[in-house]
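> Below is a structure I'd like to ask you about.
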Amino acid sequence: MKKRNAILSSVLAGAMLLSLTACGGTDDSSSSSAAETGDSSSAAATGEASGEALGADTQAIVDRGILRVGVKNAVVGFGYQDPATGEYSGMEIELAKKLADQLGVDVEFTTVTAATRTELLDSGDIDCVLATFTITDERKQSWDFTTPYYTDYVTVLVEDSSGITSLADLKGKLVGVSSGSTSARSLVEAMIEDGDIEGTGFSADTFDPATWTDGVTFQQFDDYPAISTALSAGTVDAFCVDKSILAVYKTEGRSYIDAQFAPQEYGIATKKGSDFSTYCNDFVETCLSDGTIDGYISEFNLG
Ligand code: GLU
């Protein structure tokens, strides 16, 4: 790996330079390198310098010199890509840069959706996912997750003109959700708990938004902008997902219903059984205990 004098200013300068390059280049919306990282102090944290051997999967990332991370591109404060500059920002971006810095490697971001993040992890195109990825027992059977670094809640966005203000008002409505998300199941559970629907036959393990018809129905979309468009067009009555994701679509004339539910704990996801999972978990635990995460929460107004 090339030796670099990475101080914070050069991290920023590098990110700007690379994003400018990406702007004039190809396909910067789906994948672009950003941020120069790695200096003598961060190299000490790789374990190499401290004498601790890295596991084979983690060492492979160090040898490659690039940490490939799946991130969101439209979740302000978590993973957001400026359309003008191509530059990514947010808490998950900062965490990824810090993780790369600790490994002494560069970071490369690939934009993922709720539907694509696991495919890209499984195929080995990315090393980890930092993309508002909720930890669930079901998902833990297929991927490793770190200790949570943030907890969000699910809510529902509607057009004010719809008159929908509560969970009960969603009875008989068609709700837009993202494929591969926890949203539909969370909403059904919340409506059952609220007494709005009976939920006979509901099973968290086998729940499928495509076939659910008791009291509320769902249309699944590949990405969030498409749900927002469908909400404006009136082809769906409501848009349900984590509040952090909805924020960017809460434009004038739209409101959240009067309920938030289903805590969503976000963790870094890695391939199941990889030694990099342990490395990431140690990293998150350190970031939680040394105030790094709290710092990002206030920096990005996520309180
Ligand atoms: N956080 C939720 C999930 O993991 C919502 C989907 C998303 O992250 O886009 O299912």
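Every number in this text was worked out from the coordinates using simple rules, so none of it is lab data. The structure displayed is predicted, hence computed values, not measured ones. A quick note on method: Cβ atoms are made from the backbone with ideal geometry, for glycine too, and the neighbour counts reach across all protein chains shown.
> For segment 131-173, list residues with backbone N below 16 Å from a point placed 7 Å from the Cα of Glu198 toward its Cβ?
It comes to 172, nothing else.
> Calculate the radius of gyration of the Cα atoms of segment 234-281 to one decimal place, then report Dmax, the largest Cα-Cα distance, as a whole number, both in Å.
For segment 234-281, the Cα-based Rg and Dmax read 16.7, 48 Å.
> Another question, if that's okay. Please report Lys272, Lys97 as a ranked list, fewest other C-beta atoms within 10 angstrom at the top and most at the bottom.
Working: Lys272 14, Lys97 22.
Least crowded to most crowded, the residues run Lys272, Lys97.
> Dipole of segment 53-119, Cα-centred, from +1 at each Lys and Arg C-beta and -1 at each Asp and Glu C-beta, to the nearest 20 debye? Walk me through the intermediate numbers first.
Values: 6 positive and 10 negative charges, 25 e Å.
Magnitude of the dipole: close to 120 debye.
> Now for a separate question. Roughly speaking, what is the centre-to-centre gap between segment 153-188 and segment 233-303 when only Cα atoms are used, to the nearest Å?
18 Å
> What list do you get for Asp237, Asp101 if you sort them by fewest beta carbons within 10 Å? Numbers along the way, then the final one.
On the way: Asp237 22, Asp101 25.
Exposure proxy ranking, most exposed first: Asp237, Asp101.
> Please report Tyr153, Tyr266 as a ranked list, fewest other C-beta atoms within 10 angstrom at the top and most at the bottom.
Details: Tyr153 14, Tyr266 24.
Ordered by Cβ neighbours within 10 Å, fewest first: Tyr153, Tyr266.
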